[in-house]
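Inspection log for the structure reproduced underneath, given as structure tokens.
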Amino acid sequence: MKIFNTLTGRKEEFVPLEPGKVKMYVCGPTVYNLIHIGNARPMIVFDTVRRYLEYKGYEVNFVSNFTDVDDKIIKKAAEEGVDSAVISRRYIEECRKDMEAMNVKPATVHPKATEEIDGMLELIQTLIAKGHAYAAADGTVYFRTGSFKDYGKLSHKNLDELQSGFREIKVTGEEGKEDPSDFVLWKPKKEGEPYWESPWCQGRPGWHIECSAMSRKYLGEQIDIHGGGEDLIFPHHENEIAQSEAASGKEFARYWMHNGFLNIDNKKMSKSLGNFFTVREIGEKFDLQVLRFFMLSAHYRSPLNFSADLMESSKNGLERILNGIERLRELRERAGQSAASREEEKLCQAVGELRAKYEAAMEDDFNTADAVSAVFEVVKLANSTADQDSSREYTEYLIETLETLCGILGIITRRRKETLDEEVEKLIARRQQARKAKDFALADQIRGQLSSMGIILEDTREGVKWKRA
Ligand code: AMP
Ligand code: ZN
């Protein structure tokens, strides 16, 4: 399996630090607003990377943070006249809902910056002790970039150029810096801001130290894959490398993966241009499965243009796949227990080759665009070869293949309504059983559960009927 590594600028064979295991860290959102569709791209991309690694049999430890202390959160809290924890808690909840709607699996751990201050303080202390950081007179702690010889290796920038580039820029409040390219690890509190005690001053952490500390705590000093959007390469990820490697003396992350940007109508997405969509807004017009499918129709490193037309064509494409699977399920219902014919065995082989094509695409730096094409080819083959005369074995093989290949992409192959209906039917059957067993408490409890799902039951002579409220 090959991964494009931003660090080396090449595709490299993936070799995990420990056989069979993958440690992965992906920078998560700053929670001061509903997430936008740009934020959704790394979520969907890295969730798919994770799913493919799991499909390959790796045990994946996937850590993704929530940045819940930040200027934007503090500003929003001041506007609403509430505590900044109220804002971050609210938007973490909303973000989790959006993730679920996009079928993005929750991470193994979702650490929050405000709950990890101890780890950050410890890391800063280590950096100071090793001469890689210093406290200025006002209590601000800076990382001494000049002390880390590899500074610039990820973004392929040269420290001398960086230093001369920064030289002209004087930032008020940062007079205590030894060098303009040094960056903040800890800063003093301002009036009305959340703060924590530290050996240097009451204050709060800089953004970069969060990820280094959380990654170290949950995954150890060395990890396999670190991911995020390409805007994070510099300075965020460059600074994470400096902090983590200066502290441990070891290589921090083996593979650095960055997704390209999502643009709208070929323009950079920005609030001021008015071309800005939240995931929630898109969810009002489309099933968010369509958004997911749309994102995966391109290679993750390419820039991706979002438009209503492109979403419509993704919707049609996804429909074609789901309809194909639905038709196969109906055929399976009707096919007896028959085994594949000679002819079908050959077709199974052709399906197997398409599956191999899909895998080859995913092995080549997660080329989901080509993987999606292979799925379409399987559907096309199924549409032209499976009918009421097909054996159960053949239809089952097609269904199993499509379910697996869609599952890796995080595409739910059962329509939501269908899944819901099934769930309702199951609950009704359990209620009937409970009634038969004279367990009326349980039967009532199930009726209550159904009613909270908006399902109304009617006991009729022909049995239990149900409808949506
Ligand atoms: P932020 O909340 O700004 O720190 O962003 C969270 C994640 O979303 C980071 O990995 C960013 O790189 C990514 N991101 C933000 N905007 C876009 C965009 N327009 N396209 C792709 N990724 C983005
Ligand atoms: Zn980060």
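Between LYS346 and ASP389, the modelled labels are 1.5 nm apart [label points 7 Å from Cα along Cα→Cβ].
Assuming 0.36 nm per residue, please report the length gained on full extension of the stretch ALA339 to GLU319 beyond their Cα-Cα distance. Could you put the intermediate results ahead of the total?
On the way: separation 20, 0.36 × 20 = 7.20 nm, distance 2.93 nm.
Once the chain is fully extended between ALA339 and GLU319, it gains 4.3 nm.
Out of all DSSP beta bridges in the chain, what portion is antiparallel? Express it as a percent rounded to 5. If you can, show how the numbers build up before the last one.
On the way: 25 of 47 bridges.
Of the beta bridges lying entirely in the chain, close to 55 percent run antiparallel.
Rounded if a/c is under 1.5, else prolate if a/b is larger than b/c, else oblate: which is segment 312-385, with a ≥ b ≥ c the root eigenvalues of its Cα gyration tensor? Since a/c reaches 1.5 but b/c is at least a/b, the shape of segment 312-385 is classed as oblate. Return the carbon/sulfur percentage of the accessible area of the chain, one whole number, probe 1.4 Å, all protein chains in place. Exposed carbon and sulfur together represent 49 percent of the surface.
Compute the FRET efficiency between VAL86 and ASN275 as 1/(1 + (r/R0)^6), taking r as their Cβ-Cβ distance and R0 = 22 Å, and round to the nearest 0.05.
Numbers: r = 30 Å, r/R0 = 1.35.
Computed FRET efficiency for VAL86 and ASN275 comes out at 0.15.
Between 0 and 90 degrees, the angle of helix 392-408 with respect to the longest Cα principal axis of the chain falls at about 20 degrees.
Percent of C-alpha pairs per 10 Å bin in the chain, short distances first: 4, 17, 23, 23, 17, 9, 5, 2, 0.
How large is the Kirkwood hydrodynamic radius of segment 284-436, in angstrom, based on all distinct alpha carbon pairs?
On the way: mean 1/r = 0.0587 Å⁻¹.
Here the Kirkwood hydrodynamic radius works out to 17.0 Å.
Computed with a 1.4 Å probe on the full set of protein chains, the accessible area for LYS157 sits at about 80 Å².
Which one of LEU409, THR395, VAL464 has its Cα pushed farthest toward the positive end of the charge dipole of segment 369-469, where Lys and Arg give +1 and Asp and Glu give -1 at the Cβ? Positive-most Cα among the choices belongs to VAL464. The simple spin-label model puts a point 7 Å past each Cα toward its Cβ; for GLU284 and ASP150 those points are separated by 4.8 nm. If R0 is 45 Å, the Cβ-Cβ spacing of LYS72 and ASN305 corresponds to a FRET efficiency of close to 0.95. Placing a pseudo-label 7 Å from each Cα along the Cα-to-Cβ vector at LYS21 and GLU312 gives an inter-label distance of 5.1 nm. Using a ≥ b ≥ c from the Cα gyration tensor of segment 2-259 (square roots of the eigenvalues), is it rounded, prolate or oblate, where a/c under 1.5 gives rounded and otherwise the larger of a/b and b/c decides, a/b for prolate? Here segment 2-259 falls in the oblate category.
So how much slack lies between ALA360 and GLU221, counting 0.36 nm per residue of separation and subtracting their Cα-Cα distance, in nm?
On the way: separation 139, 0.36 × 139 = 50.04 nm, distance 3.17 nm.
Length gained, ALA360 through GLU221: 46.9 nm.
DSSP beta bridges in segment 2-259, what fraction antiparallel, as a percent rounded to 5? Walk me through the numbers on the way to the answer.
On the way: 15 of 33 bridges.
Counting DSSP beta bridges with both partners in segment 2-259, the antiparallel share is about 45 percent.
Once you order the gyration tensor axes a ≥ b ≥ c over the Cα atoms, which shape class does segment 422-468 get: rounded for a/c under 1.5, otherwise prolate or oblate by comparing a/b with b/c? Judged from the Cα gyration tensor, segment 422-468 comes out oblate (a/c at least 1.5, b/c at or above a/b).
Annotation: per residue accessible area for the chain equals 48 Å², rounded to a whole number [probe 1.4 Å, protein chains only].
Derived scalar couplings between HN and Hα for segment 383-390 equal 4, 8, 10, 9, 8, 5, 8, 5 Hz in order, rounded to whole Hz, by the Karplus curve 6.51 cos²θ - 1.76 cosθ + 1.60 (θ = phi - 60°), x for Gly and Pro. For segment 118-152 and segment 331-358, write down the distance between their C-alpha centroids in whole Å. First find each Cα centre; the distance between them is then 61 Å.
The values are calculated or read from the model by the stated rules, or taken from the named source; none is laboratory data. All figures in this text were calculated on a predicted structure; none of them were measured in a lab. Here Cβ is always computed from backbone atoms with ideal geometry, including for glycine, and neighbour counts include all displayed protein chains. Just the protein is used for accessible areas: all its heavy atoms, side chains included, with ligands, DNA and RNA removed. Shrake-Rupley method; radii C 1.70, N 1.55, O 1.52, S 1.80 Å.
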